[in-house]
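Q: The following block contains the structure, expressed as structure tokens.
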Amino acid sequence: MDLQNIIRRLGGPAAVGRVLGVRSQAVSLWVAKNRVPIDRVPALVALGRALGVDLKPEDLRPDVQWAALRCEVCA
């Protein structure tokens, strides 16, 4: 699922912006750049959970090595 569809499923830029405390223009810019600021990922995942949208951090930022952050690959 691409970022545009994710934001749409979360209620659109205005709704996401209200929940996160940012302007809808900022959310639209994330969609245009296809890049969510990493510090917004946890809140978006939580919003998805609250709305019944199955989101993982990898869906929002596939460029981040989330497994390493979770210590899934730690020895």
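The values are calculated or read from the model by the stated rules, or taken from the named source; none is laboratory data. Everything numeric in this text was worked out from a predicted model, so none of it was measured. Ideal geometry is used to build each Cβ from the backbone, glycine not excepted, and the neighbour counts take in all protein chains shown.
Q: Against the condition of a type in the set (A, V, I, L, M), part of a helix (DSSP H, G or I), surrounded by 13 or more Cβ atoms within 10 Å (Cβ to Cβ) and at pLDDT 95 or above, how does VAL16 come out, does it pass? Can you show your working first?
A: Working: of a type in the set (A, V, I, L, M): yes; part of a helix (DSSP H, G or I): yes; surrounded by 13 or more Cβ atoms within 10 Å (Cβ to Cβ): yes; at pLDDT 95 or above: yes.
Yes.
Q: Restricting to segment 5-15, give me the number of residues that are under 22 Å from ASP63 (Cα atoms) and touching a residue at least 24 places away in the same chain (Cβ under 8 Å).
A: Counting residues in segment 5-15 that are under 22 Å from ASP63 (Cα atoms) and touching a residue at least 24 places away in the same chain (Cβ under 8 Å) gives 4.
Q: Please go through segment 51-75 and pick out each residue that is surrounded by 10 or more Cβ atoms within 10 Å (Cβ to Cβ) and either closer than 17 Å to LEU10 by Cα or in contact with a His (Cβ under 8 Å, 6 or more places away or on another chain) (or both).
A: Listed by number, the residues that qualify are LEU51, VAL53, ASP54, LEU55, LYS56, PRO57, GLU58, ASP59, LEU60, ARG61.
Q: Would you pick out the residues in segment 24-42 that are more than 15 Å from GLY11 (Cα to Cα) and either touching a residue at least 60 places away in the same chain (Cβ under 8 Å) or of a type in the set (Val, Ile, Thr) (or both)?
A: VAL36, ILE38, VAL41 - these are the residues of segment 24-42 that are more than 15 Å from GLY11 (Cα to Cα) and either touching a residue at least 60 places away in the same chain (Cβ under 8 Å) or of a type in the set (Val, Ile, Thr) (or both).
Q: Of the residues in segment 19-52, how many are among the polar types (S, T, N, Q) and either within 10 Å of the chain's Cα centre (by Cα) or not in a helix (DSSP H, G or I) (or both)?
A: As a first pass, look at segment 19-52 and keep what is among the polar types (S, T, N, Q): 24-25, 28, 34.
Adding the requirement that they be either within 10 Å of the chain's Cα centre (by Cα) or not in a helix (DSSP H, G or I) (or both) leaves 34.
Of the residues in segment 19-52, 1 are among the polar types (S, T, N, Q) and either within 10 Å of the chain's Cα centre (by Cα) or not in a helix (DSSP H, G or I) (or both).
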